[in-house]
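Mind having a look at this structure? Questions to follow.
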Amino acid sequence: MTGEKDIRTLLALTHPVLRQGEYVYVLWPYGRPLVPGIEAAVREAEGLTVVLPRDEADRLALRYDFVAAWITLQVHSSLEAIGLTAAVSAALTDARISCNVLAGFHHDHLLIPVADADRALEILHELAAASTDKPAPQLILRNEQPADRPAIVELTAAAFSVSPVTGLPVDGEPAEVGLLKQLFDCEEYLPEFSIVAEQNGEVVGHVISTRGWVGDLGLLGLGPIGVVPRLQRHGIGSALIQETVSRANAAGERGIALLGRPDYYSRFGFVPSVSLGIEPPQAECGDAFQFLPLAVWPGGIHGTFRYAGPFERL
């Protein structure tokens, strides 16, 4: 297959994908046999530099300083193409994100600081969108309908095919799929809080919030939330959360609880639930169990959050 050379086409077709795990640069000990797991190597006069997973470097007791996330640009660029690396590096430089580029036969690969991974993906998606003549498709947020459910189940299975906890592929059907099916049919199901994201007639995202409680106070328990993998980090998940918050405030709901990454959900105003006196359903949830007090939050609430029945049966 011949690689693409036109820079505008390359940028428009660039599809950045984040590999699982963390990676490090290591100066390989002189004379030591190479081992499986090395992802890249460069021979220099000073020695052999290798890139390998961080946990493998730790296992081998090898020293490193820079810990990276690995992003692959899923466009087949020719090795003779001019400008792709420069454009990508410039965009990341403008955002003050360092970038180390590895060129493969089929793709370019970026090693960037782990903490900057999400922001780097957003910048690369924006760069691709700015390089296409096609207008961005409109995102429609609407109530879920029964006819949507097969598509919702399919996208949820795809979205959770890799465990967000372990980073490893899930064996069999993800637990979130079975949970979602039960939530659709449980007493705590709230149709106005089962929200679909649609683009060009395709269901590309979904979020559900069901009735939960602290004591006798009714609250919302958000989740699962899923976006088709090819459109993750395109703002669809953020739009679904913001729509949920807007609807909840309009309906006079008191607050929303969820289990997720604090570094992501804090941007929407979520805080560790214990800071508001709300204990997670399981103590091991820790700060990952978060809460957003809404406009009519009464305050002074203390107790353990209870999810809808299907969560209790997980």
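Every number here is computed from the coordinates shown, using simple stated rules; none is lab data. In this text the structure is predicted, and so the values were computed from the model without any measurement. Note that we place each Cβ from the backbone using ideal geometry, even for glycine, and neighbour counts take in every protein chain shown.
Per the helix-only calculation at 222 nm, which mean residue ellipticity applies to the chain, given -39500 (n - 2.57) for every DSSP H run of n ≥ 4 and division by its residues, nearest 500 deg cm²/dmol? Write down the numbers at each step before the final one.
Details: 9 runs with 83 residues, N = 314.
Calculated mean residue ellipticity at 222 nm is -7500 deg cm²/dmol.
What is the chain's relative contact order, in percent, from Cα pairs under 8 angstrom and six or more apart in sequence?
On the way: 547 pairs, mean separation 42.0, N = 314.
For the chain, the relative contact order is 13 percent.
Oh, and also: First check a/c for segment 7-130, with a ≥ b ≥ c the square roots of the eigenvalues of its C-alpha gyration tensor; if it is under 1.5, answer rounded, and if not, answer prolate when a/b is larger than b/c or oblate otherwise. Write out the running numbers ahead of the final one.
Values: a/c = 2.32, a/b = 1.74, b/c = 1.34.
Note, shape of segment 7-130 comes out prolate.
Let me ask another. Separation between the Tyr64 and Asn143 pseudo-spin-labels, each 7 Å from Cα along Cα→Cβ, expressed in nm?
With each label point 7 Å from Cα toward Cβ, the separation is 5.1 nm.
Let me ask something additional. One quarter of the convex hull surface, Cα atoms only: what value does that give for the chain in nm²? Could the numbers behind the result be given before it?
Numbers: hull surface 79.2 nm².
That works out to 19.8 nm².
Okay, next question. Tell me which residues come under 5 Å, amide H to amide H, from Asp108 once H is placed; ignore anything under 5 positions away on its chain.
Here the answer is Leu73, Val75, Ser77, since their amide H atoms fall under 5 Å of that of Asp108.
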